[in-house]
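Only one structure is covered here, and it is reproduced in the block below.
FYI, it's all coordinate maths here, none of it is from the lab. Values in this document were obtained by computation on a predicted structure and should not be read as measured data. With ideal geometry, Cβ positions are generated from the backbone for all residues, glycine too; neighbour counts draw on all protein chains shown.
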Amino acid sequence: MQLADPQLLRDKAYINGQWCLADSGDTTAIYNPADASFIGEVPQMGAKETHHAILVAQQAQTSWAKQTAKFRSEIMLKWYALVIQHQNDLAHIITLEQGKPLAESLAEILYAASFIQWFAEEAKRVYGDTIPAPQTDVRIQVLKQPVGVTAAITPWNFPAAMVTRKLAPALAAGCSMVLKPAPQTPFTALALAELAHRAGVPPGLLNVVTGDAEAIGRTLCDSPIVKKLSFTGSTAVGIHLMQQCAPTLKKLSLELGGNAPLIVFADANVEEAVAGAMLAKFRNAGQTCICANRIYVHEKVYQQFITQFAQAMAELKVGSGFDLSTNIGPLINSAAKAKMKEHLDDAKAKGAQIIQGGRDHTLGGNYFEPTLLIDATADMLIAQEETFAPLAPIFKFHHEDEVIAAANATEFGLAAYLYTQNISLMTRVTEALEYGMVGVNTGAISNEVAPFGGVKSSGLGREGSKYGMEEYLELKYLCIKV
Ligand code: ADP
């Protein structure tokens with residue numbers, strides 16, 4: 001398919017409202033994960049260009065913060081309308097560079113747009129406080145002010161939504177941003193920048209720098225001008241960035257790895273649990289940080305669940321994201337596939353049984369068969385690490401305490417899911433789970449109005465919702481003697 005608006009496929013970085021090449025002229029080639037075909041090239045920028053982007057972001061932020069919230073909101077709503085208007089082209093770009101099925105790309109664009117709309121509305125509701133003072137001659141007020149210049153580093157699995165989930169609250173709060181998109185998926189971020197430009201986002205307020213992740217990241221972290229970094233990606237890189245940000249004491253939002261348990265209790269509606277597990281496991285070919293990584297099923301419904309889950313899995317069609325019948329696209333690269341194989345081989349060696357899949361897909365490349373494993377146990381890599389692939393391991397459990405302990409036996413704490421009809425059990429378990437988000441009788445928990453984020457090694461801070469706005473605001477307390 002040709003893009004209806006070919007101008008959306010931008011192959012330059014976006015700094016100070018202009019489309020720029022790297023100073024060196026160097027570029028990096030970007031390939032389609034489905035067939036390794038060449039998509040295009042983006043500038044290979046480094047420290048110098050990033051530093052320039054920070055300086056222009058600083059200038060732009062000063063005037064943006066002085067505007068009314070309504071002014072900022074209106075520009076953001078124009079941007080939102082343009083994203084909606086160009087949703088098909090944007091979805092096409094996601095599938096092209098990321099591989100997910102077109103329907104999922106379209107859903108991602110609507111999800112990404114929802115953050116722009118939500119935070120455009122929230123911009124007008126950044127209320128401060130008046131606090132009753134402890135003395136009669138004093139008045140106490142609390143202002144909320146933008147943190148200033150911010151930076152964002154985003155991953156490839158949601159190339160649009162991870163950008164807007166950071167950028168929209170930043171712009172709404174009165175901040176500017178330097179964004180480094182994932183090297184695999186720069187074109188979606190650049191297309192969003194093109195639309196922000198058309199909507200009237202002033203030059204310098206949003207800058208998209210492509211290229212050397214380490215050099216760009218270090219420049220953003222080292223800069224005393226950058227007051228906040230928001231990162232979504234692996235825990236290892238998150239820790240590295242946090243260390244780099246320590247000398248300048250930046251505010252941080254870190255959305256890192258997950259290892260989500262999905263627990264099916266004996267009284268669960270098994271049909272709904274299967275539907276929820278399919279969604280939570282196989283969305284984006286298993287490549288989301290809230291994908292169900294471990295599925296715990298009570299012994300009483302173990303067989304029934306496996307039978308129905310296997311039936312549902314048999315319906316999954318693997319293929320190109322552009323084929324409208326596809327449910328599972330390719331993995332992002334050969335390293336992702338190698339990790340899935342490693343987890344699979346380790347599980348087999350430790351006694352798991354393959355019920356379905358388990359092989360390279362006949363399409364070759366980065367494709368792998370969706371795989372169902374049963375008799376999984378805690379000593380397997382699939383129990384301990386994030387698999388990030390269409391591999392569903394089923395663990396049998398007997399008691400509530402046992403499954404809570406197993407679910408919590410991980411360094412991660414992002415999302416968890418449980419299925420039960422029993423309200424007392426639900427209350428006990430949701431309170432005991434050490435996770436930032438818990439889905440009860442549902443496998444779909446992400447939306448713009450709720451706080452997304454994790455505990456433990458899954459990160460710091462929340463994105464989306466009124467809480468997501470706070471991350472881009474500083475409190476200033478005024479003590480006024482009257
Ligand atoms: P994944 O392994 O899923 O790609 P990463 O955490 O490596 O996850 O990548 C997430 C984002 O972090 C990407 O934009 C990537 O370029 C960026 N990144 C990786 N290493 C660094 C680094 N040392 N400094 C700054 N950014 C980095």
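Here is how the numbers come out for the structure above:
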| item | result |
| --- | --- |
| Nearest-ten-degree value, helix 213-222 long axis tilted from longest Cα axis of the chain | 50 |
| Label-zone membership for region 380-412, site LEU425, 7 angstrom Cα→C-beta point, backbone N under 20 Å | 394-409 |
| Helix-derived mean residue ellipticity, 222 nm - over the chain, DSSP H n ≥ 4, -39500 (n - 2.57), to 500 | -12500 deg cm²/dmol |
| Gain on full stretching of the segment that runs from ALA103 to GLU434 - 0.36 nm per residue minus C-alpha separation | 115.9 nm |
| Residues ASP346 and HIS51, FRET efficiency given R0 of 56 Å [Cβ-Cβ distance, rounded to 0.05] | 0.80 |
| Computed E for LYS317/ASP375 - FRET, C-beta separation, R0 41 angstrom, nearest 0.05 | 0.90 |
| Gain in span if fully extended, ARG198 to LYS300, counting 0.36 nm per residue against the direct Cα distance | 31.0 nm |
| VAL429, VAL209 arranged by Cβ crowding within 10 Å, fewest neighbours leading | VAL429, VAL209 |
| Protection proxy ranking, peptides 466-477, 310-321, 95-106, average beta carbon neighbours within 10 Å, highest first | 95-106, 466-477, 310-321 |
| Contact order relative to length of region 328-440, as percent, for alpha carbon pairs under 8 angstrom and 6 or more apart | 21 |
| Percent of beta bridges antiparallel (DSSP, the chain, rounded to nearest 5) | 45 |
| Cα gyration tensor shape for region 85-170, rounded if a/c is under 1.5, else prolate or oblate | prolate |
| Net length gained if the chain between GLN7 and ILE131 were fully extended (0.36 nm per residue, minus Cα distance) | 39.5 nm |
| Phi to ³J(HN,Hα) by Karplus 6.51 cos²θ - 1.76 cosθ + 1.60 over region 276-281, Hz, x for Gly, Pro | x, 5, 4, 5, 5, 8 |
| Per-peptide average of other Cβ atoms within 10 Å, ordering 7-18, 160-171 highest first | 160-171, 7-18 |
| Relative contact order (percent, whole number), the chain, Cα cutoff 8 Å, 6+ residue spacing | 18 |
| Acute angle (nearest 10 degrees) that the helix 235-245 long axis makes with the longest principal axis of the chain, alpha-carbon atoms | 20 |
| Using a Förster distance of 25 Å, the FRET efficiency for ALA275-VAL449 (Cβ separation, nearest 0.05) | 0.60 |
| Nearest 10 degrees, 0 to 90: helix 302-314 Cα axis against the chain principal axis | 70 |
| Spacing of the two label points (7 Å from each Cα toward its C-beta) at TRP19 and ALA236, in nm | 3.6 |
| Residue order, fewest to most beta carbons within 10 Å, for HIS298, HIS92 | HIS298, HIS92 |
| Cleavage-rule hits, GluC sites (Glu not before Pro), region 325-419, DSSP coil, Cβ neighbours within 10 Å at most 16 | GLU411 |
| Set of region 189-207 residues, backbone N closer than 12 Å to the point 7 Å along the Cα-Cβ line of ALA81 | 199-200 |
| Distance between modelled label sites at ASP222 and TYR467, nm, 7 Å Cα→Cβ extension | 3.5 |
| Label-point gap, in nm, between ALA409 and GLU474 - each point 7 angstrom along Cα→Cβ | 4.6 |
